[in-house]
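The values are calculated or read from the model by the stated rules, or taken from the named source; none is laboratory data. Bear in mind that the values here come from a model prediction, so they are computed numbers and not experimental data. Cβ sites come from the backbone with ideal geometry, for glycine too, and all protein chains shown count toward neighbours. Remember, those area values only see protein heavy atoms, side chains included, never the ligands or the DNA or RNA. Shrake-Rupley method; radii C 1.70, N 1.55, O 1.52, S 1.80 Å.
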Amino acid sequence: MKVLVTGANGLIGPYACQKLISAGHDVITCGRSALQAGDLPGPHVAGDLLDASFRKHLIASERPDGLIHLAWQTKHSHFWNAPDNPDWREASIDLLDRFHDQGGKRAVLAGSCAEYDWQGIAPGQKLTENATCNPHTIYGEEKLKLARHCLDLNAKGATIAWGRLSLLCGPKEAPARFVPAITRALLADETAKMSSGKQIRDFMHVADAGAAFAKLIDHPFTGLINIASGEGHSLLEVAETIKSLIGRGTIAAGSIPDRPDDPPYLVADTSTLTETVGFRREFDLTSALQDCIDWWQRDEA
């Protein structure tokens, strides 16, 4: 199958591409700029997906059979309420239309746990795919609108899987994100500041997330599916695990106030991913965090 991967140079895109190629697919990637040799496997088409003329050229020239659509506004913190979120939703709808019009068969798109009603989660209650959706950010709202559009297309005969991602960790994260912020402070033998750390979260390594999207391109599942580890760990446990792996530095839990709107428990139910699709992760929490540490040690050496 010839598979187009958007957002291929993001956090999870390279891993999805590697798995697709290992499975025997031909991969085409696209992004705003040209890539250096070896950055990504396979041919790459440079252009802006928010540009309708580029989307038209991309689909008409490449004519992919499969589509993994990962691209979106992802600038750390900014993306939650970025004004171009609606533009990304509209561009994604147009991309899907063009993909199907030229004969595309199978699409897998990246959604988000931000589509769910975070404030309505009871402690210990995992989020199933049919949990109440009530996003509190523009990002979550636009992702949910696109998810519902995909379900409508499925009802008309399309075969689309909508993968709702939870929290990710891995190489090349923005330095201000939780795992890199703790890791970099401890590597420097400094004090890692954080909230109380009581919040329970679901972390998945980016390689596992990419592998899940690649597996879904070959699976008949359609509809909503959580892509996450399915395991909950307190932020303090995550920080303490990083500290034990690095062996130096200090953690100052509670040195940053907890946000009043921060949900105490945010963990996905992954039974559909594991039981229906048959996906298995390669990384547990400790090995995922060790990989993050190794990457930051190399990057800042």
Under 27 Å from the Cα of Lys193 - lysines, other chains or at least 8 residues apart: Lys75, Lys172, Lys243
Heavy atoms of Tyr265 accessible to a 1.4 Å probe, total area in Å² rounded to 10: 30 Å²
Label point distance in nm, Ala52-Glu190, each placed 7 Å from Cα along Cα→Cβ: 4.8 nm
Amide H contacts of Asn226 (H built 1.01 Å from N, under 5 Å, at least 5 apart or other chain): Arg164, Leu273
With every protein chain in place, segment 1-95: carbon and sulfur % of accessible area (1.4 Å): 49 percent
Nearest-10 value in Å² for the accessible area of His78, using the 1.4 Å probe: 90 Å²
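Out of the trypsin sites (Lys or Arg not before Pro) in segment 82-173, which ones are loop residues according to DSSP with at most 11 other C-beta atoms within 10 Å? Numbers along the way, then the final one.
Values: sites: Arg89, Arg98, Lys105, Arg106, Lys126, Lys143, Lys145, Arg148, Lys156, Arg164, Lys172; in loops: Lys105, Lys126, Lys156, Lys172.
Answer in residue order: Lys156.
Semi-axes of the equivalent ellipsoid for segment 111-218, please: Cα gyration tensor eigenvalues, times 5, square-rooted, ordered largest first, whole Å. Present the calculation step by step, with values, prior to reporting the outcome.
Details: eigenvalues 190, 67, 28 Å².
In descending order, the three semi-axes are 31, 18, 12 Å.
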Portion, in percent, of the accessible area of segment 174-281 that falls on carbon or sulfur, probe 1.4 Å: 48 percent
Loop-located GluC sites (Glu not before Pro) in segment 246-301 whose Cβ has at most 12 other Cβ within 10 Å (DSSP): Glu282, Glu300
Matching label, Kirkwood radius over Cα pairs in Å computed from the structure shown, candidates [x] 18.5; [y] 22.4; [z] 19.8: [z]
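With the cut-off at 1.5 for a/c, could you classify segment 174-271 from its C-alpha gyration tensor as rounded, prolate or oblate?
On the way: a/c = 2.96, a/b = 1.83, b/c = 1.62.
It is prolate, given that a/c is not under 1.5 and a/b is the larger ratio.
Could you give the length gained by full extension between Met1 and Asp101, i.e. 0.36 nm per residue of separation minus their alpha carbon distance, to one decimal place?
Working it through step by step, the gained length comes to 34.3 nm.
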17 Å Cα-Cα reach of Lys126 towards aspartates and glutamates, excluding residues that sit fewer than 8 places from it in its own chain: Glu115, Asp117, Asp202, Glu231, Asp262, Asp269, Glu275
Segment 250-301 - Kirkwood radius from inverse mean 1/r over Cα pairs (Å): 14.9 Å
Residues with amide H under 5 Å from that of Thr159, placed H, sequence gap 5 or more: Ala107
Probe 1.4 Å, protein heavy atoms only - accessible area per residue of the chain in square angstrom: 44 Å²
Aspartates and glutamates with Cα under 20 Å of Lys105, excluding same-chain neighbours fewer than 8 positions away: Asp26, Glu62, Asp65, Asp94, Asp97, Asp152, Asp218
Area accessible to solvent at Phe221, 1.4 Å probe radius, in Å²: 40 Å²
Alpha-carbon Rg with Dmax, taken over segment 69-118, Å: 12.8, 38
